[in-house]
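The values are calculated or read from the model by the stated rules, or taken from the named source; none is laboratory data. Note that this is a predicted model, so its numbers are computed, not measured. Please note: Cβ atoms are built from the backbone with ideal geometry, for glycine as well, and neighbour counts cover all protein chains shown. Side chains included, ligands, DNA and RNA excluded: accessible areas come from the protein's heavy atoms. Shrake-Rupley method; radii C 1.70, N 1.55, O 1.52, S 1.80 Å.
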Amino acid sequence: MKEIVLIAGTQFQQAAETADWFRQRGAVVYEMASAASEAEKAKALEAIQAEGKLDYLIVQATVCGENAADFGKLDYDDISKAFDQGVNGTHDLVESLLPFLRQGKKRLGLITSSATSTRDPKETQDFAFAMTQAGLHMLWKLYFNKLRPEGFTFRVFCPTEDGSGLCAGKYMQMDFCYDAREEYIHSEENRIVMRDGLMREIAW
């Protein structure tokens, strides 16, 4: 049986390449250019309803501020708009698709950036972008806490700067060892981890 995949955020290169990666391997792939688009969400939901299940929901919801300002001169309307598009839009999308994910492989994937990580921070000005990324990271952590007991698995991936190593699609599809008797630190599936294309764990 073919895997059913929805990629939200294919306006971005990594998400678009992930859609192509799954499609080339025989999966049925649906795409949304933006996770925040209500029209695209309605169309995707109709398609997934017809399939009866969803194996992978993979999101790239990078949102940059339109009016990045120096600290002390923050544009809170700009920050709120970016957060609403990136985090609230993604949350609404996940919630609408949970019934179908429960009928499939139960995998939630996030394509993100190390620019706002604690290991390799680079962002110095775009507070809207940084807040949105932090919100998406916390959203995935909360979903992990909520859904891991149901058997859901999670992938958080940031590409390397030079594009070396694994692509996002490969990492999203990989299965890891899981033994319920093991402590969480020994089980990749029992903790939520951000990794890059070289499989390095990124503190986030």
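Among (1) within 18 Å of W140 (Cβ to Cβ); (2) touching a residue at least 40 places away in the same chain (Cβ under 8 Å); (3) open to solvent by 20 Å² or more (accessible area, probe 1.4 Å); (4) among the acidic types (D, E), where does E51 come up short?
Among (1) within 18 Å of W140 (Cβ to Cβ); (2) touching a residue at least 40 places away in the same chain (Cβ under 8 Å); (3) open to solvent by 20 Å² or more (accessible area, probe 1.4 Å); (4) among the acidic types (D, E), the lone unmet condition for E51 is (1).
Please go through the stretch 176-186 and pick out each residue that is open to solvent by 100 Å² or more (accessible area, probe 1.4 Å) and modelled with pLDDT of 70 or more.
If the condition is that a residue be open to solvent by 100 Å² or more (accessible area, probe 1.4 Å) and modelled with pLDDT of 70 or more, then C177 is the only one that fits.
Of the residues that make up the stretch 92-107, is at least one modelled with pLDDT under 80, within 25 Å of M194 (Cα to Cα) and surrounded by 20 or more Cβ atoms within 10 Å (Cβ to Cβ)?
Checked against the condition, which is being modelled with pLDDT under 80, within 25 Å of M194 (Cα to Cα) and surrounded by 20 or more Cβ atoms within 10 Å (Cβ to Cβ), the stretch 92-107 yields no hits at all.
So that you can scan it fast, the table gives a plain yes or no per residue for (1) within 15 Å of the chain's Cα centre (by Cα); (2) in a loop (DSSP other than H, G, I, E, B):
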| site | (1), (2) |
| --- | --- |
| A19 | yes, no |
| A44 | no, no |
| I48 | no, no |
| L57 | yes, no |
| V63 | yes, yes |
| E66 | no, yes |
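Looking at the stretch 21-37, can you tell me whether even one residue there is assigned to a helix (DSSP H, G or I) and small (G, A, S)?
No, that holds for no residue.
Here is a list of conditions, (1) modelled with pLDDT of 90 or more; (2) among the acidic types (D, E); (3) under 27 Å from M131 (Cβ atoms), and E66 meets all of them except one; can you say which number that is?
(1)
Among all residue pairs at least 6 apart or on different chains, which show Cβ distances below 6 Å where the first residue, located in the stretch 187-200, is open to solvent by 40 Å² or more (accessible area, probe 1.4 Å) and the second is among the small types (G, A, S)?
L198/G165
Need the failing condition index for R155 against (1) at pLDDT below 95; (2) in contact with a Gly (Cβ under 9 Å, 6 or more places away or on another chain), just the number.
Every condition holds for R155 apart from (1).
Can you tell me how many residues in the stretch 138-151 are open to solvent by less than 60 Å² (accessible area, probe 1.4 Å) and at pLDDT below 95?
2
Assuming Y30 fulfils every condition listed in (1) surrounded by 18 or more Cβ atoms within 10 Å (Cβ to Cβ); (2) modelled with pLDDT of 95 or more; (3) under 19 Å from F154 (Cα atoms) apart from one, which condition is it?
Tallying (1) surrounded by 18 or more Cβ atoms within 10 Å (Cβ to Cβ); (2) modelled with pLDDT of 95 or more; (3) under 19 Å from F154 (Cα atoms), Y30 fails exactly one: (3).
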